[in-house]
Amino acid sequence: MRVLVVEDQPNVSSYVKRALEEQGYAVDLARTGREALDWAEVVQFELIVLDIMLPEIDGITVCRRLRSQGNPAAILMLTARDTVDDRVIGLDAGADDYLVKPFNLKELLARLRALARRGSTKTSTLKVADLSLDTRARVVMRNNISIKLTAKEYAVLECLMREPGRVLTRTEIAESVWNYDAYYQSNVVDVYIRNLRRKIDDPYDLKLIHTVRGAGYLLSDQDRDE
């Protein structure tokens, strides 16, 4: 899941970025309101963590512009101001939630998970054949046996399982799982697909992760390797 963190304090932005990446999110950073709007024009983010007090363009204005442009991302506002009026202004501008600084990291992660669930109409359990992925508990099982994945392996598998039977290009997978700086490494997707195959497919006769030569990868219980 792609997240934009808009925060001008480097210590806060790097702290949040690291925590989100440990949870498997793909995170990009913006330091100013103008940078946030520029990012949103070229990348489709599912979640935006938006500070109110920003250089160039404040967070309230950024939020209003994003909503006026039809941007569907869930927006969590961060602010040091904790009054009812401040919260009302932020929510009226189009924010989905509001968190006051200093905040507890566990609470931030919980609120983002709640926003992600709210924005999805899909079931929390994804299944293909005997492979299941519980997006709430972040548990992967095959043939009723739990499979331990790293955060990025989990994110790649979730990307494939959300669209079973459809060929996803390497770029589509990379843009969903890695941030702008990382996903241009040419073989990063292939490396994680190999890791997933070793854990998901190698112990079983039925192979679920397939390569479509010249196109990408898909998850299916039908033999599609080319």
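The values are calculated or read from the model by the stated rules, or taken from the named source; none is laboratory data. Note that the structure is predicted; figures quoted are calculated from it, not measured. Counting neighbours? That spans all protein chains shown, and the Cβs are built from the backbone with ideal geometry, glycine included.
Data overview
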| read-out | value |
| --- | --- |
| Count of residues meeting criterion [over 24 Å from D86 (Cα atoms) and of a type in the set (S, T, Y)] in region 1-57 | 3 |
| Unmet criterion (only one of (1) assigned by TED's automatic domain parsing to the domain that holds E46; (2) closer than 16 Å to L20 by Cα) for L91 | (2) |
| Subset of region 35-52 (residues that are hydrophobic (A, V, I, L, M, F, W, C) and either out of contact with any helix residue (DSSP H, G or I) (no Cβ under 7 Å at 6 or more places or on another chain) or assigned by TED's automatic domain parsing to the domain that holds I173 (or both)) | W39, V42, V43, F45, I48 |
| Residue in region 103-110 that is more than 26 Å from Q222 (Cα to Cα) and crowded, with 17+ Cβ neighbours inside 10 Å present | yes |
| Verdict on I75 being under 28 Å from E172 (Cα atoms) and in contact with a Cys (Cβ under 7 Å, 6 or more places away or on another chain) | yes |
